[in-house]
Amino acid sequence: MRSPDLALVQTTASRLASPAVGPVSLGDTTREEWNEAVSRLGGAVYHRHEWLAVLESVDLVEVEASHLVVRRAGRITGLAPMYRTIRCPKFAMFQRHYLTAAGLDTAQFVVGHSMYGQSSQILAETAEDRLALLRRTEESRGPAQVTAFPLVPADDPLFRQLVAEGYDTGLLACTNFLDVEWPDFDGYLASRPSAKRRNIRRGIEDSERLGLRCETGVRDVPEIAQMVLRTARHHQSPVFFDRQYLERIFDELAGLIETFRLTVAGRTVLTCVALADGTELLPWCIGFEYESLGQYGHYNYLYAELIRYAAERRYRRINLGRGTYYIKRKYGYNQRPVYAAMRTEGPLRAPVASWLRDIDLRARDELAEHGLTPPLPDREDAG
């Protein structure tokens, strides 16, 4: 872990007049102060002090932290988790799938938050605070670098701000959300169209007839890490969550974690770690046995169990992440567009704009296959 490069975000005192924007490390604030600001400003679990502390301490990821805050009258009114990414398996996969055409490497990116943050957000009470944080973020960009916000929700105020500031954007994917409006799983089933309701119920019955069962609260980190490794090997992808990373998450966020384990005759065929803050249930880390997926249907069964769990515990929403639209739409999930937004100058500007257009077209083609057509961003009155 490298020390935070605070020199990257230093400015003259004349530019700090109002609001008071400055760099911080996690050690500069208490966990209580930071998390109170995250909650008040509409942040999520992956903006919390504990989450960032894990990211900055494990060997799986190497980052330089350059977090920014706005303070007014001694109170945090804006917060921007910021990392200069040096090594990150999630960003490496993003680079392999999206960045190679431009010939860019990881070192050329100044990234708003990280790929482990699920979305790129600047938390702020006012548009003025948000813009001040964005300006300070851009000050850390060198002449041959890109300021990158890789995962910006289309309905977040930051997206409109980035468009107004001249950032190039490209639709990356959609995040799948289910608003939980039912007191129990039967109420959920009753809300589904009859054909989908029969399909879901039949899948559950078939799985249970074969002996599939779900347990919650089983915190067997070695088993979870092994299942995640098994999934990564199947996809020939990097390991995003190794045992050390998972152990730190379980230690630091113990009260914000729920686990689901699916078994058949005592054999584990799926594990799921979900972030659970009492309002949103976010399945975050899943590992499962591919060889028997067609036999037991454990992935579909997990979807049903997540809805059952959320309804019984009065969660307001389930966030199932990006992609795999077909199955998520079957269960009633709605899609929220997420954009990559980037800005640079000089010779990099044209290729960055070009491959962001390519990313956008690719995402829209994929969504069109499922009957989804996200609207283009409104650029005329963005601000």
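Figures for the structure shown
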read-out	value
Globularity ratio of the chain, using Cα Rg and 2.2 N^0.38 Å	1.01
Gained length - E165 relative to D365, 0.36 nm times residue gap less alpha-carbon distance	69.3 nm
Cα-based helix-to-principal-axis angle, 31-40 vs the chain, degrees rounded to 10	80 degrees
Computed [θ] at 222 nm, helices only, for the chain once each DSSP H run of length n ≥ 4 contributes -39500 (n - 2.57)	-10500 deg cm²/dmol
Cα coordinate range in region 74-185, projected on the principal axes (Å, largest first)	53, 39, 25
Extension gain from E312 to E32, taking 0.36 nm per residue of separation minus the Cα-Cα distance	97.9 nm
Accessible surface of the chain [probe 1.4 Å, protein heavy atoms]: carbon and sulfur percent	48 percent
R267 paired with R40, simple spin-label distance in nm, labels 7 Å along Cα-to-beta-carbon	5.4 nm
Additional length obtainable on full extension of the chain from A190 to F250, 0.36 nm per residue less Cα span	18.0 nm
Helix 349-368 axis, angle to the chain major axis (alpha carbon atoms, nearest 10°)	20 degrees
Cβ-Cβ FRET estimate between D277 and A350, R0 fixed at 45 Å, reported to 0.05	0.60
Nonlocal amide H pairs with W284, under 5 Å, H built at 1.01 Å	V273, A274, L275
0 to 90° range, to nearest 10: angle between helix 194-209 axis and the chain longest Cα axis	70 degrees
Ratio of Rg to Rh over region 301-370 (Cα coordinates, Kirkwood Rh, two decimals)	1.17
Under Karplus coefficients 6.51, -1.76 and 1.60, residue-wise ³J(HN,Hα) of region 267-280 in Hz, glycine/proline x	9, 6, 10, 7, 10, 9, 9, 10, 7, 9, 9, x, 10, 10
Given charges at beta-carbon only (K, R positive; D, E negative), |dipole| of the chain in Debye	680 debye
I327, I122, ranked by accessible area, largest first (probe 1.4 Å)	I327, I122
Dipole of the chain, positive end: most advanced residue of T30, S292, V352 [Cβ charges, Cα centre]	S292
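The values are calculated or read from the model by the stated rules, or taken from the named source; none is laboratory data. Computed from a prediction, not measured in an experiment: that's the story for all the values here. Heads up, the Cβs are rebuilt from the backbone with ideal geometry, glycines too, and the neighbour counts pull from every protein chain shown. Accessible surface is based on the protein model in full, side chains and every heavy atom, while ligands, DNA and RNA are left aside. Shrake-Rupley method; radii C 1.70, N 1.55, O 1.52, S 1.80 Å.
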